[in-house]
Amino acid sequence: MTLQTSPSVTRALVLFSGGQDSATCLAWALDRFDAVETIGFDYGQRHAVELSCREKVRIGMASLKESWASRLGDDHMIDATVLKSLGETAMTHDVAIETTDAGLPSTFVPGRNLLFLTLAGALGVRRGVGVLVGGMCETDYSGYPDCRNDTIQAQAETLRLGLGKPMTIETPLMYIDKAGTWAMALELGGQGLIDLIVEDTHTCYLGDRTHRHDWGYGCGTCPACELRAAGWDRWQVSR
C-alpha cells in the first residue's frame, strides 16, 4: 500500500532487529525525522528471540519522549527465511561459531544486508520514504563485508537506479565502536534509553535471555555478547 504524504514531511524507515544497534539507530532517527517507521526480518535466525523484543522496545522508545511517540509510525515484519534455505551458517543453523576457510566468521549470512536493504527500499517506495536507516558498522564488527560503508553506498546507488526514486541509506554507527554506541544512546535518550537497551533489546547470537549482565542479557561468550560487553566496559571507564 502506498502512503500519501506531504513532501515537506521528512520520513525514514529503520531496519530494526530488536538489538542494541538498531534500537540506537531508531532513537537517532526519531530525533531527526518527522515520521519514522520500522522494518524487521525473520530470516530463520537462531536468536529469533530478538524479534519478540521489537514491540516492547518500540513501546518503550515512545514512552521516553513525547516527540518520539508522535513520530513513531507503523512496524513491518518481512519473511526473509529464503536466506536460511540457501545454506548453513551459525546464525541460522546449529553449527559452531568459528572462522571459516574463507576467512569469514561462520555467523556471516551471505547477502543478508543486501537483501534487507532491497526489501526495505521496495517498501520505502510504497510508503513514501526516501531514507533507510541501518546499524551497519565497520569499526566494531565481525568482519562482514556487507557491513562496510563501500557496500552500503553501492547498494544505495543500486536502489536509486533500480527503483527510479531518490533513496539514501544512513548508517549513524558506521565509524564508532560499541563504547561510542552506548554513549550515543545516552546522549539521545538519557538513562531511560540506556535502561531500555539493557533490559529489553537482544544481541546474543545464541538467543540466551536467562543470563543477566550489567550490559543486558546473553550467553556472554558469543562474538555479539563479547562486543557488547567490551563496549560497555570501555564506556563505563570513559564516563
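Values quoted throughout were computed directly from the atomic coordinates according to the rules given, and no laboratory measurement underlies them. Here the structure is a predicted model, which means the values were calculated and not measured. So basically every Cβ, Gly included, is an ideal-geometry build from the backbone, and we count neighbours across all protein chains shown.
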Requested in this report: Starting from the Cα of R160, step 7 Å toward the Cβ, then list every residue of the stretch 117-152 with an amide N under 19 Å from that point.
Outcome: 117-126, 128-134, 148-152
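Would you please put 167-178, 212-223, 59-70, 32-43 in order of how densely packed they are, using the mean number of other Cβ atoms within 10 angstrom per residue and starting with the highest?
32-43, 167-178, 212-223, 59-70
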Query raised in the report: When we measure straight from the Cα of K65, which aspartates and glutamates land under 17 angstrom away, once same-chain ones fewer than 8 places off are left out?
Result: D31, D34, E37, E55, E187, D195
Query - Percent breakdown of C-alpha pair distances by 10 Å bin, ordered from the shortest bin, for the stretch 11-238 - result: 8, 34, 39, 17, 2, 0
Requested in this report: In nm, give the distance between the simple-model label positions of L206 and V82, each being 7 Å from the Cα along the Cα-to-Cβ direction.
Outcome: 3.3
Report summary line: For the pair T118 and R32, the simple spin-label estimate (label points 7 Å beyond Cα toward Cβ) gives in nm 2.6
